[in-house]
Amino acid sequence: MPLIAEKLEKYGIKGTFFVGSFCPPNLTDKMFSNLGFLVSRGHDLELHPHPDALDPNRLLFTGYSMEERRRILETAIENIKRAGAQPPIAHRAGAYAIDPETLSLLPQFGILMDSSIFPVDSRSKVPLPENLANRFVKIEGLYELPITLIRRVPFIGYAGMTA
């Protein structure tokens, strides 16, 4: 992370880092040190929760109840603010695990943009018509920038869609 920040700063660029802002208790100090480092250098922090940092037996955010999801989002956002950053306004689900219930929950926390929908991944439970797969769209008050897909041609590798 310091190397990436250094390279950006060398060219006068401030980065947006999507961070998982919770971790096992024994790593909390390191997490806040890393987040604080980015904030102190003027970089932007946005939300990229990986709840398996809290419970390695439950890998996907969509595997939690709505009340648990609310608590996870509250904690993750509070930790970003505690590190000195502004509250996040953008979200990227860990492991592309997004569903309509999570999309509807995000605006309640001031999240205005999401980039989690990956139409060819089964963990992404929000269908998009093919003509919208690479389009910035609005879904229930939330702006969605889906994972960009490209079509592979057979002579470069196997045919099909990939990120």
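For this structure, a couple of remarks:
- Residue selected from the stretch 68-98 under the condition closer than 17 Å to LYS30 by Cα and in a loop (DSSP other than H, G, I, E, B), by the criterion most open to solvent (accessible area, probe 1.4 Å): GLY84
- If you check PHE37, PHE22, PHE17 for being at pLDDT below 95 and aromatic (Phe, Trp, Tyr), only one passes: PHE22.
- Residue check for PRO129: modelled with pLDDT under 90 and surrounded by 17 or more Cβ atoms within 10 Å (Cβ to Cβ): no
- Test set (1) surrounded by fewer than 20 Cβ atoms within 10 Å (Cβ to Cβ); (2) touching a residue at least 60 places away in the same chain (Cβ under 8 Å); (3) of a type outside the set (Gly, Ala, Ser) - ILE111 fails condition number: (1)
- From the options LEU47, LEU35, LEU128, residue that is touching a residue at least 60 places away in the same chain (Cβ under 8 Å) and of a type outside the set (Val, Ile, Thr): LEU47
- Meets criteria (of a type in the set (S, T, N, Q), buried (at least 18 other Cβ atoms within 10 Å of the Cβ) and either under 25 Å from VAL126 (Cα atoms) or within 14 Å of the chain's Cα centre (by Cα) (or both)) for SER65: no
- Count of residues meeting criterion [open to solvent by less than 50 Å² (accessible area, probe 1.4 Å), out of contact with any Gly (no Cβ under 8 Å at 6 or more places or on another chain) and outside any helix (DSSP H, G or I)] in the stretch 31-56: 5
- Within the stretch 14-28, residues that are closer than 17 Å to LEU59 by Cα sit with their Cβ atoms under 8 Å from residues that are assigned to a loop (DSSP other than H, G, I, E, B) and at pLDDT 90 or above, at 6+ positions apart or across chains, in these pairs: VAL19/HIS48; GLY20/HIS48; GLY20/PRO49; GLY20/HIS50; SER21/PRO49; SER21/ALA83; PHE22/PRO49.
The values are calculated or read from the model by the stated rules, or taken from the named source; none is laboratory data. Model, not experiment: these values are computed from the prediction. Note that we place each Cβ from the backbone using ideal geometry, even for glycine, and neighbour counts take in every protein chain shown. Note: accessible area is taken over every heavy atom of the protein model, side chains too, but ligands, DNA and RNA are not part of it. Shrake-Rupley method; radii C 1.70, N 1.55, O 1.52, S 1.80 Å.
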